[in-house]
Amino acid sequence: MGVDATVRTPFQRAVVELRDHVAYYARLKYTVEPAGNDDLLSDLGDPARLAADQSALDAMRDFSLLRVIPPARSDGRPDQWRSVGRALLEPEAAGPETTASLSRVRSYAALGAAWRDGDRQRSTIK
């Protein structure tokens, strides 16, 4: 039970705004790689390590705000874009679609690794 928005004090409005921003940040941190895991690229090459991060991948699937993985087919609708977590946990189908989706995830992971390493050459999309 909270205070009605029309009668909140400036302090109460600021607290609600802060809560909203913290919640937004919490969701953003699950966008491209699992929170607390700085080596998604290596995990993608090792299915056992990836499986060990099941709860982190579930969080990426459930909380990510950005859908950065496009559909495998160019005729895909905009609402068919998926989060990294969903792409890893729920492959579109067996075959080329899954390979394309995982390739895109690897590309994002490689960009992140290059950026963290300060490698401007590898962190630039050409």
Tell me which trypsin sites (Lys or Arg not before Pro) from segment 1-76 have a DSSP coil assignment and no more than 13 other beta carbons within 10 Å of their own. R73
Taking K and R as +1 and D and E as -1, what net charge do the other residues with C-beta under 14 Å from the C-beta of A113 add up to? -2
What does the helix-only formula give at 222 nm for the chain: each DSSP H stretch with n ≥ 4 adding -39500 (n - 2.57), the total divided by the residues, and the result rounded to the nearest 500 deg cm²/dmol? -16500 deg cm²/dmol
In whole Hz and in residue order, list the ³J(HN,Hα) couplings for segment 29-34 that follow from phi through the Karplus curve 6.51 cos²θ - 1.76 cosθ + 1.60, θ = phi - 60°; x for Gly and Pro. 5, 9, 6, 10, 8, x
Give me the angle, in degrees from 0 to 90, between the Cα long axis of helix 10-28 and the longest principal axis of the Cα atoms of the chain, rounded to the nearest 10. 10
Counting only residues 5 or more apart in sequence or on a different chain, those whose built amide H sits under 5 Å from that of R82 are V68, I69
For the chain, modelled as a Gaussian network with Cα springs under 10 Å, which listed residue fluctuates most, R106, R77, R86? R77
Where the Cα atoms of segment 31-117 are projected onto their three principal axes, how long is each span, largest first, in whole Å? 35, 26, 25
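Bear in mind that the values in this text are calculations on the coordinates, not laboratory data. Keep in mind the model is a prediction, meaning the values are calculated, not measured. Neighbour counts run over all protein chains shown; Cβ positions are idealised from the backbone, glycine included.
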